[in-house]
1. May I ask you to list the residues in the stretch 1-39 that are among the hydrophobic types (A, V, I, L, M, F, W, C), open to solvent by less than 30 Å² (accessible area, probe 1.4 Å) and in contact (Cβ under 8 Å) with a residue 60 or more places away in the chain?
2. Do any residues in the stretch 72-93 that are open to solvent by 10 Å² or more (accessible area, probe 1.4 Å) have Cβ atoms under 7 Å from those of residues that are among the β-branched types (Val, Ile, Thr), where the two are at least six apart or on different chains, and which pairs are they?
3. From Val414, Val452, grab the single residue that is outside any loop (DSSP other than H, G, I, E, B), in contact with a Leu (Cβ under 6 Å, 6 or more places away or on another chain) and open to solvent by less than 10 Å² (accessible area, probe 1.4 Å).
4. Restricted to the stretch 426-467, and to residues that are among the basic types (Lys, Arg) and modelled with pLDDT under 95, which residue is nearest to Ala488 (Cα to Cα)?
5. Residues being surrounded by 10 or more Cβ atoms within 10 Å (Cβ to Cβ), part of a helix (DSSP H, G or I) and of a type outside the set (Ser, Thr, Tyr): count how many of those fall in the stretch 470-498.
6. Within the stretch 417-429, can you find the residues that are more than 15 Å from the chain's Cα centre (by Cα) and assigned to a strand (DSSP E or B)?
7. Can you name the condition, by its number, that Ala352 falls short on among (1) open to solvent by 20 Å² or more (accessible area, probe 1.4 Å); (2) out of contact with any Gly (no Cβ under 8 Å at 6 or more places or on another chain); (3) of a type in the set (A, V, I, L, M); (4) closer than 28 Å to Gly478 by Cα?
8. Can you name the residue in the stretch 168-212 that is touching a Lys or Arg at 6+ places or on another chain (Cβ under 9 Å) and basic (Lys, Arg) and, of all such residues, is nearest to Glu13 (Cα to Cα)?
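The values are calculated or read from the model by the stated rules, or taken from the named source; none is laboratory data. Just so we're clear, the structure is a prediction, and the values are computed from it rather than from any experiment. So basically every Cβ, Gly included, is an ideal-geometry build from the backbone, and we count neighbours across all protein chains shown. Keep in mind that these areas ignore ligands, DNA and RNA; they rest on the heavy atoms of the full protein, side chains included. Shrake-Rupley method; radii C 1.70, N 1.55, O 1.52, S 1.80 Å.
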Amino acid sequence: MTKVSDVLVSSLEEEGVERVYGVPGEENEDLLFSLRGSSVEFVPTRHEQGAAFMANVHGRLTGEAGVCLGTLGPGATNLITGVADANLDKSPVVALTGQGGLERLHKESHQALDIVGAFEPITKWNGQISDPDIVHESVRKAFKVAEYEKPGATHIELPEDIAAETTECSSMSAGDRVRRPDPDRPSVESVGERMANAEKPLIITGNGAVRTEASRELRELVESFDVPVASTYMGKGAVSDKDPRSLMTLDSGDHEEASSAIEEADLVVTVGYDIAEHDPAGWNAGDTEVVHIDSEPAEVYEAYDPDVEIVADIPSAVCAVKNSLEDRNVSHDTDWYADLREHILEDLEENAEEFTVRGALPALRKAMKEEDVLISDVGNHKMEIAQRFRTYEPNTCLISNGLASMGIAVPGAVAADHAVEANVVAATGDGGFLMNAAEIETATRTDASFTVVVFNDDDYGLISRKQTDHTGESFGTGLTNPDLPTFAESFGVDGVRIEDWDELEATLERHVGSGGVSLIEVPVEGT
């Protein structure tokens with residue numbers, strides 16, 4: 001007979017889990033001591049939301065479920081934002097929560113809430129381990145469901161009395177990942193024919209193109225048939241922005257070239273596109289023929305009603321379309337988007353005003369290697385990063401645009417540094433930074449190494465800008481901030497404020513990849 005909490009932890013080991021991020025509590029005491037005797041490292045965080053964001057970014061970078069832990073009541077509810085963010089961003093996460101003993105859950109009791117009910121709308125699957133003999137199955141199901149395409153969040157609740165009981169069951173092996181089937185021939189032939197006959201085809205890459213590692217197949221298709229590509233914010237890097245066919249990202253502001261290309265195209269092929277990350281009403285001209293290549297059928301939406309859908313493993317589908325085109329006479333115009341590409345490059349290279357996010361991005365790009373990872377928080381700076389930060393490899397510019405929750409950058413950088421060998425930069429506004437700034441202590445305690453760039457405008461700048469666009473004025477958005485370099489130094493990390501814009505490039509190059517955690521405050525006046 002084996003203790004239930006020990007079986008749960010051995011099941012985590014079977015799944016290949018290296019770390020669990022979380023906050024300890026009374027009701028997960030048995031689980032914590034089971035972790036102590038295992039190969040799984042427990043990383044105490046300063047807030048459960050930070051733990052969930054860490055699991056979220058781990059899942060997004062590795063494709064393997066990140067794991068976060070909270071106790072019952074407020075510990076569990078604090079996980080919700082990060083878990084919901086993972087679910088809408090299609091990042092595999094397994095959340096573990098404690099709970100009071102079963103004998104008191106039928107009545108009102110201290111800190112007891114219906115956590116399984118609370119997690120229901122924000123997870124792919126969640127459940128309570130109500131019987132000692134189902135612990136192994138529960139863990140295996142949580143990881144299997146979280147990781148198969150499309151991935152997302154799952155949740156397991158472990159009541160404290162069940163955790164302390166014993167069972168004869170043992171952990172189950174993880175097995176091979178469930179994969180989607182190869183594409184069906186009729187759909188591939190239909191798409192191949194449409195692409196061959198189109199005069200001005202265009203590809204939109206989404207989160208799924210990055211998530212399923214379809215970059216190699218996409219790049220071969222784009223290069224072989226000279227098709228221009230625009231990406232969503234979460235599809236950045238699937239095709240390198242150095243490629244002469246890249247039209248950068250779908251715009252959401254004054255950067256209109258990608259939309260102009262879509263309006264001019266006579267066929268749009270979306271690859272791994274989720275409408276949660278970018279509303280198709282913002283780009284779909286209505287009469288343009290649309291092809292949908294994804295692991296699931298398209299959502300039913302008037303603004304996005306594809307003519308053909310290939311529902312299959314995305315890399316295999318892209319490869320099959322490429323092979324289909326090789327057997328056809330393809331003679332579309334290969335210069336129709338050249339002027340648009342040139343306008344985009346001119347816009348990116350235009351000297352922006354000092355002390356703006358836009359003005360800082362060229363220096364940040366120069367300080368980072370192609371394989372380095374930038375994690376953007378949510379706010380005014382995110383819009384500039386999404387549209388103007390050139391991205392050359394998949395999963396090197398992480399932007400949350402499903403739930404799009406503020407506060408992800410600093411805890412996300414902790415997990416990113418644990419997950420990848422490359423340098424990591426957390427780009428955030430002052431608003432998002434202070435939501436989870438305490439995780440800098442988690443970073444230093446775990447010997448993490450990354451650079452935090454705080455664009456400080458003493459404002460919830462994105463909301464202020466939108467209010468001003470709508471009404472001519474803003475209200476309720478102004479903030480005050482501590483001395484951020486001194487704040488950083490109180491954690492024992494280097495902190496510096498850019499006083500002279502000429503210092504920016506040298507400061508970034510000095511700190512990015514220097515080892516340890518550092519913070520660079522960049523005062524900005526707007527975009």
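1. Listed by number, the residues that qualify are Val4, Val7, Leu8, Leu12, Val20, Leu31.
2. From residues that are open to solvent by 10 Å² or more (accessible area, probe 1.4 Å), the pairs are Ile80/Ile122; Ala84/Ile122; Asn87/Ile122; Asn87/Thr123.
3. Of the residues listed, the single one that is outside any loop (DSSP other than H, G, I, E, B), in contact with a Leu (Cβ under 6 Å, 6 or more places away or on another chain) and open to solvent by less than 10 Å² (accessible area, probe 1.4 Å) is Val452.
4. Checking each candidate, the answer is Arg465.
5. Qualifying residue count for the region: 5.
6. Gly429
7. (2)
8. Per the criteria, the residue is Arg177.
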